[in-house]
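The values are calculated or read from the model by the stated rules, or taken from the named source; none is laboratory data. Quick caveat: nothing in here was measured; it's all calculated off a predicted structure. Virtual Cβ from ideal backbone geometry, glycine too; neighbours counted across all protein chains shown. SASA here: full protein model, heavy atoms, side chains in, ligands and nucleic acids out. Shrake-Rupley method; radii C 1.70, N 1.55, O 1.52, S 1.80 Å.
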Amino acid sequence: MNFYKLLSNNGTRSLIKSIYNKPIHSTTSNYIINSSFNKRSYFTKSSNNFNSNSHNNYGTINKQHQQQSPPQQQQQQQLEFPQQNKKEENKEITPESLESKPLIVELDNKNFNEIIMKSKVPIILNVYVNHGTISPALTEALKAYAQEYPGCILLANLNVEKNLELAKALNVESIPTLYTLNKGQVLQQFVGLPDHESLDKLIKELLKLSGGLIGNKSIEQLQTIAELHLKSNETDKAIEIYENLLTNDTTQLLRTLLGFIQCYTNLNQPDQVEKYIAIIKEKFPNELDHKKIQTSKRILQLKKQVSETVDNLYKTHNLTLEQIEDKLNNDPTNLDLKYDLSLLYYQIGEYEKSINQLLEILKINKKFSRNKNIDNNNNNNDQSNTDSAKNLVVKIFESLDSQDPLVIKSRKQLNNIWFS
């Protein structure tokens, strides 16, 4: 069942009593509770477990999970819980800054849809009250699970006394009530107090969907760290993480395979790229048109076109990349060297550096061409000049994802330079 549909179904059932007139009844019958508790043993076993309604979709979700596409990586901002202050929000996210933190958040009208519909990990929605012993005890137990498996499950607590309208929209009749969700879909709804075995089973089902922990990090966290290494051109570190994920996780297999494709595209290893495309063809045949695969093919095609030029550069200069950079630092107006360096950067996956060198050339000479046999003064049609800096930067844009923030930013810079 889609959660939006559940929220819109306001007339079917309602709260038994308004908490403003009388506290909502906590269903204690058929459950025996110890006066002291901990995560594993504060419930004593009773004859009844959760009273579960028909919203049980675990089997369907588990069967379909491998076929689902992962969330597209588009510089999406991670939902960090608890909420960060303004100083923390402005901090740059690095692999080292991503610590394993419990995902626990208090829901209200302002953040409900954002958190419930956009969470990348399975959710336990805990509808609770602070008074009495049953609901607070369950809340503490769920908090302990979230702390035990940081980043693997999100505990979203909804205080009925502060959010009566939301509780009505959720058709809550008694407290405690739990919902389990994944990617906006309701898996199960539970009413009443569980024994510890039932609660363990519930958590294990959710961990199957999130993949649990590898070492002390969640699958989502490892994927994010790998992508940050890719962004920083630390390809070897990214490959190491993806190899770990490939061995130990199946919940985000497609995302891992696409990560390998990006890594080996940066390293200009088309054979390795084809290897992982073949795996995707076998396991996810509907994903062969994925934009990351198409981007990889365009990049490798352009790298092949410039490979001969790059090889000649090394032979001509007889210098390492670092030495060429030093040479340019000593001669910053050498446009031929800038052009050559842009090709070298592109070949090793340093796309931003490659683009920046070409934009710096165009600031100085809009008609610059590396082909010295062409007289730029007599050639007003830069489109006919295949070695022009403008043509090369446009080709790089076309090889990358059009929605890549680097491409969007650099296109604006090119327009400003060209029409200035």
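If residue 337 meets every condition in (1) at pLDDT below 90; (2) within 25 Å of residue 297 (Cβ to Cβ); (3) not polar (S, T, N, Q) apart from one, which number is that one?
Among (1) at pLDDT below 90; (2) within 25 Å of residue 297 (Cβ to Cβ); (3) not polar (S, T, N, Q), the lone unmet condition for residue 337 is (2).
Please go through the stretch 151-201 and pick out each residue that is open to solvent by 20 Å² or more (accessible area, probe 1.4 Å), touching a Pro at 6+ places or on another chain (Cβ under 9 Å) and assigned to a loop (DSSP other than H, G, I, E, B).
161, 183, listed by residue number.
For the stretch 248-287, enumerate the residues that are modelled with pLDDT of 95 or more, open to solvent by 70 Å² or more (accessible area, probe 1.4 Å) and within 20 Å of residue 209 (Cα to Cα).
283
Looking at the stretch 215-228, is at least one residue over 17 Å from the mean Cα position of the chain (by Cα) and not hydroxyl-bearing (Ser, Thr, Tyr)?
Yes, there is a match, as at least one residue in the stretch 215-228 is over 17 Å from the mean Cα position of the chain (by Cα) and not hydroxyl-bearing (Ser, Thr, Tyr).
Criterion first (surrounded by fewer than 21 Cβ atoms within 10 Å (Cβ to Cβ) and more than 23 Å from residue 213 (Cα to Cα)) does residue 244 satisfy it?
The answer is no for residue 244.
Only one of 322, 360, 350 is surrounded by fewer than 17 Cβ atoms within 10 Å (Cβ to Cβ) and modelled with pLDDT of 90 or more. Can you tell me which?
360
Taking only the stretch 94-148 into account, find how many residues are at pLDDT 85 or above, open to solvent by 70 Å² or more (accessible area, probe 1.4 Å) and touching a Phe, Trp or Tyr at 6+ places or on another chain (Cβ under 8 Å).
1
Quick check: anything in the stretch 136-154 over 24 Å from residue 207 (Cβ atoms), more than 30 Å from the chain's Cα centre (by Cα) and in contact (Cβ under 8 Å) with a residue 60 or more places away in the chain?
Scanning the stretch 136-154, I find no residue that is over 24 Å from residue 207 (Cβ atoms), more than 30 Å from the chain's Cα centre (by Cα) and in contact (Cβ under 8 Å) with a residue 60 or more places away in the chain, so the answer is no.
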